[in-house]
Amino acid sequence: MRRLCETVLRSNDIDSLADFATDYDPRGARTFACLLYTLDRWESALYWWRFAAGAEDPLAAHHAAVGISLDARLWRAVARMLGFTRDRHLPQPVRPSTELAEGFARAMPWGPALNTFVKTDHLPRELATR
C-alpha cells in the first residue's frame, strides 16, 4: 500500500492537494489519503479513501479495500463495479520522490478539520466507524 501511495504522490495528482482544502474533490481526497498513509495516519487515510470511493473514484475504492474485514470486501466489490484496473487508473509517476507531498503537509494552511487528520493518530470520535 505504501508503494501504491508513493506512486500517487509522485504523480501529477499531487497538484490536487493545493485546492483540496476548499474543493474536497475525489482526486484530492484520494491524494490526501495517500499523504496521510505515508505519514502513518492509517485511520484518517482510510476515511478519505472511502470518501473518494463514495464519489466514484475507482483508485480510491481500491485503496479503501485494505485488510480482510467485511468493509474491505465491500470496497473491493465497489472497485470492481467501478471498473478499476491498474493500467487505467494508477497515475504515472512524474517525480523521483514524494518530497513535494511532504512539503505540502508541512506548509499548507489546512483548515481545522483537515489539520485534525494530518496531526492526530486516530479519527475524531464523531467520524470513527466503530
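Evaluate the stretch 34-50: report whether one residue or more is open to solvent by 20 Å² or more (accessible area, probe 1.4 Å) and under 20 Å from residue 81 (Cβ atoms). Checked against the condition, which is being open to solvent by 20 Å² or more (accessible area, probe 1.4 Å) and under 20 Å from residue 81 (Cβ atoms), the stretch 34-50 yields at least one hit.
Beta carbons closer than 7 Å, at least 6 apart along the sequence or on distinct chains, never pair a first residue in the stretch 76-89 that is under 16 Å from residue 46 (Cα atoms) with a second that is open to solvent by 80 Å² or more (accessible area, probe 1.4 Å) and not small (Gly, Ala, Ser). With the requirement that a residue be part of a loop (DSSP other than H, G, I, E, B), at pLDDT 80 or above and open to solvent by less than 50 Å² (accessible area, probe 1.4 Å), what does the stretch 56-81 give you? The answer is 57, 65. If you go through the stretch 2-22 and pick out every residue that is touching a helix residue (DSSP H, G or I) at 6+ places or on another chain (Cβ under 8 Å) and exposed (fewer than 14 other Cβ atoms within 10 Å of the Cβ), you end up with 3. Condition test on residue 14, is it over 12 Å from the mean Cα position of the chain (by Cα) and either in a loop (DSSP other than H, G, I, E, B) or closer than 25 Å to residue 97 by Cβ (or both)? For residue 14, the condition - over 12 Å from the mean Cα position of the chain (by Cα) and either in a loop (DSSP other than H, G, I, E, B) or closer than 25 Å to residue 97 by Cβ (or both) - is not met. In the set (1) open to solvent by 40 Å² or more (accessible area, probe 1.4 Å); (2) in a helix (DSSP H, G or I); (3) at pLDDT below 85, the condition left unmet by residue 27 is number (3). Hey, can you tell me all the residues within the stretch 30-55 that are of a type in the set (A, V, I, L, M, F, W, C) and outside any helix (DSSP H, G or I)? Across the stretch 30-55, the qualifying residues are 39, 55.
Under the condition of being at pLDDT below 80 and either open to solvent by less than 40 Å² (accessible area, probe 1.4 Å) or outside any helix (DSSP H, G or I) (or both), the residues counted in the stretch 82-94 number 5.
Listed by first and then second residue, the pairs with beta-carbon distance under 6 Å, at least 6 apart or on different chains, first residue in the stretch 31-45 and within 11 Å of residue 17 (Cβ to Cβ), second assigned to a helix (DSSP H, G or I) and acidic (Asp, Glu), are 31/13.
The values are calculated or read from the model by the stated rules, or taken from the named source; none is laboratory data. A quick note: this is a predicted structure, and the numbers were derived from the prediction, not measured. Glycine gets a Cβ as well: all are built from the backbone with ideal geometry, and neighbour counts include every protein chain shown. Heavy atoms of the whole protein, side chains included, go into the accessibility calculation; ligands, DNA and RNA do not. Shrake-Rupley method; radii C 1.70, N 1.55, O 1.52, S 1.80 Å.
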